[in-house]
Amino acid sequence: MQIKFIDKTPAIMVKKNRKKILIVCDLHLGIESSQNGMNVPSQTTSITDELINLVKKVKASELILLGDIKHSIPQIAPKEWLNIPKFFKRLVDIVPVSIIRGNHDGDIDALITPDIKIYNELILSVNDHKIGLIHGHMMIPLSFFQTDTIIVGHTHPAIEFRDELGVKSYKNVWIRVKWNKRKIAKVYLQFRNLKPQKNPLIQFEKKFNLKIKDPDIIVMPVFNKLIKGYPINYKPLKLLGPIFQSGAVKLDEAEVILLDGTYLGKLGELIIRK
């Protein structure tokens, strides 16, 4: 089993025997229409070209879009009705496509081709390794507590840099982090409207008859280049999504990695001092 960050690209590859599964997230197709006061041309064609070139470059046998394929909510914008079906048609002509629904994708069923599979969450089994895929805006399902890796999007993580003159720049990043088993057990019990007891971990194990594993949690960068990313190296540390906002994840110890593979260190060491 192999999970690989694609160099200089906000994409991840899962190898399953001879099968190569390419994963990207947060395309936000149509976001240019929401740029107030700016007439930004549609980026859907260029994003489609970029994805197709990437699929061909890595010889992917499947493409998974990990949520927020479209941008507008709660309705489908006029340009999305026009552009997004063309986007899917071009993709499925070269590679099988699956979708993990994001918070911007509630009505995306009307835009997809019949051969596209759509899920709220998905577990890939690669030999003895289980990989949970979810966009990240919802609480993880119970089955994810038995996974070895969890891959999410939604947060658009970035790091802010400042030079000696105070000029700011931003770099989108990968985040790799662990959770605190006791805290995530408590959070999930509360999510299920159960009152946590003195030892929520034991309570969880007895209630659901399973032990919580210690998965690597990978937060993906945003794919759309119009989105600069959300700078996360500020106190208090926070990422979007229920498991991160609950305090159950060890954000101080989160590993931060640039798209070119440069390891920046742990998030707690990268805090901007105001």
*Within the stretch 122-137, work out how many residues are over 12 Å from the mean Cα position of the chain (by Cα) and more than 12 Å from K15 (Cα to Cα).*
4
*Please specify each residue of the stretch 113-126 satisfying the condition of being at pLDDT below 90 and in contact with a helix residue (DSSP H, G or I) (Cβ under 9 Å, 6 or more places away or on another chain).*
T113
*Residue by residue through the stretch 192-225, note down the ones that are more than 27 Å from the chain's Cα centre (by Cα) and of a type in the set (V, I, T).*
I202
*Counting only residues that are surrounded by fewer than 21 Cβ atoms within 10 Å (Cβ to Cβ), among the hydrophobic types (A, V, I, L, M, F, W, C) and either in contact with a His (Cβ under 8 Å, 6 or more places away or on another chain) or in a loop (DSSP other than H, G, I, E, B) (or both), how many does the stretch 56-108 have?*
5
_With the structure loaded, tell me whether Y230 is surrounded by 15 or more Cβ atoms within 10 Å (Cβ to Cβ) and modelled with pLDDT under 90 or whether it fails that test._
yes
_Any hit, the stretch 89-100, residues being in contact with a Leu (Cβ under 9 Å, 6 or more places away or on another chain) and at pLDDT below 90_ = no
_For the condition part of a strand (DSSP E or B) and aliphatic (A, V, I, L, M), what is the one hit in I202, I151?_
I151
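Looking only at the stretch 175-183, decide whether some residue is of a type in the set (A, V, I, L, M), touching a residue at least 40 places away in the same chain (Cβ under 8 Å), surrounded by 13 or more Cβ atoms within 10 Å (Cβ to Cβ) and out of contact with any Cys (no Cβ under 6 Å at 6 or more places or on another chain).
Looking through the stretch 175-183, at least one residue is of a type in the set (A, V, I, L, M), touching a residue at least 40 places away in the same chain (Cβ under 8 Å), surrounded by 13 or more Cβ atoms within 10 Å (Cβ to Cβ) and out of contact with any Cys (no Cβ under 6 Å at 6 or more places or on another chain).
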_Please pick out the residue among L122, L91 that is closer than 25 Å to K225 by Cβ and hydrophobic (A, V, I, L, M, F, W, C)._
L91
*When residues of the stretch 63-102 are filtered for being of a type in the set (D, E) and out of contact with any Ser or Thr (no Cβ under 7 Å at 6 or more places or on another chain), how many remain?*
2
_Residue tally, condition of a type in the set (F, W, Y), in contact (Cβ under 8 Å) with a residue 12 or more places away in the chain and surrounded by fewer than 18 Cβ atoms within 10 Å (Cβ to Cβ), over the stretch 233-274_ = 1
*Search result, residues across the stretch 232-260 that are touching a strand residue (DSSP E or B) at 6+ places or on another chain (Cβ under 6 Å), more than 15 Å from H154 (Cβ to Cβ) and either assigned to a helix (DSSP H, G or I) or of a type in the set (V, I, T) (or both)*: E253, V256, I257
*Just checking, how many residues over the stretch 114-144 are assigned to a strand (DSSP E or B), in contact (Cβ under 8 Å) with a residue 40 or more places away in the chain, surrounded by fewer than 18 Cβ atoms within 10 Å (Cβ to Cβ) and hydrophobic (A, V, I, L, M, F, W, C)?*
1
*asked:* Which pairs turn up if I take residues in the stretch 216-230 that are touching a residue at least 60 places away in the same chain (Cβ under 8 Å) and look for partners that are of a type in the set (D, E) and part of a loop (DSSP other than H, G, I, E, B) with beta carbon separation below 7 Å, at least 6 apart in sequence or on another chain?
replied: V222/D26; F223/D26; N224/D26
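The values are calculated or read from the model by the stated rules, or taken from the named source; none is laboratory data. Keep in mind it's a predicted model, so treat the numbers as computed, not measured. Cβ coordinates were reconstructed from backbone atoms using ideal geometry, including for glycine residues, and neighbour counts include every protein chain displayed.
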